[in-house]
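The values are calculated or read from the model by the stated rules, or taken from the named source; none is laboratory data. Please read these numbers as outputs of a predicted model, since none were measured by experiment. In this analysis, Cβ positions are derived from the backbone assuming ideal geometry, glycine residues included, and neighbour counts consider all displayed protein chains.
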Amino acid sequence: METQPNPNVENQKTDESIARLVQSGDVAAFGELMIRYEAKLKRYGKKFLAGDAGAVEDAVQEAFMKAYRNILSFDASRKFSSWLYRIAHNEFINILKKKKRESLFVNVDVLFPHPAAKEQADQPAHDRMFKENINACLDELSPKYREVLVLYYFEELGYAEIADVLHIPVSTVGIRLKRGKEAVKDYCEKLGDNL
């Protein structure tokens, strides 16, 4: 009796093992990575680029093309998701620069990193309420705060993963999250919404 292939076996592979298959010449395996990450990257892009759907679509496709072209440079002992998010992040930044929505600034947080903020015991309940407020004012936030808030609250990446994606110290992630939260709170208070 012949056994049928289990369609869920492919879904059980790690991103890193699929990336190794692509590195060894299995071009079709890259499609699985695209399926896993397309919606996530589009969600991240929509929030990062404040809903510019056309630009997001183009940037995500460009990110996938760059990831495929550079798959041999991916270190499979590291997290594929962080590597791919970094490529997408760079594409989103390029779009912001092209639109001249981002001014040049000296990144004091990277030059003088601060210790990461301590998490509060009631953090999960606060986070859910905070997500709604973040959505309301994403356009008003500086990109350096918008990116960490989106990656933390909506993409649910940890401090270390965010640091890996943005190429900044973990302590800088903490301080940007803290300052981003303060900016959201200030904006909501200006609108008469107290958090």
Go through region 75-86 and give me each residue that's within 12 Å of residue 22 (Cα to Cα) and surrounded by 19 or more Cβ atoms within 10 Å (Cβ to Cβ). none
Which one of 187, 145 is in a helix (DSSP H, G or I) and at pLDDT 85 or above? 145
If we keep just the residues of region 105-142 that are part of a helix (DSSP H, G or I) and either modelled with pLDDT of 80 or more or among the polar types (S, T, N, Q) (or both), which is surrounded by the fewest Cβ atoms within 10 Å (Cβ to Cβ)? 123
Condition met for residue 185 (under 13 Å from residue 131 (Cβ atoms), in contact (Cβ under 8 Å) with a residue 12 or more places away in the chain and of a type in the set (Lys, Arg)): no
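Here is a yes/no grid of residues against (1) closer than 26 Å to residue 152 by Cα; (2) not β-branched (Val, Ile, Thr):
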residue	(1), (2)
17	yes, yes
24	no, yes
27	no, no
43	yes, yes
59	yes, yes
66	yes, yes
77	yes, yes
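Regarding residue 63, is this residue of a type outside the set (Asp, Glu), assigned to a helix (DSSP H, G or I), surrounded by 12 or more Cβ atoms within 10 Å (Cβ to Cβ) and at pLDDT below 95?
The answer is no for residue 63.
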For residue 69: the one exception among (1) exposed (fewer than 15 other Cβ atoms within 10 Å of the Cβ); (2) closer than 17 Å to residue 162 by Cα: (2)
Evaluation of residue 20 against (1) more than 17 Å from residue 161 (Cα to Cα); (2) under 16 Å from the mean Cα position of the chain (by Cα); (3) at pLDDT 95 or above (one fails), failing number: (2)
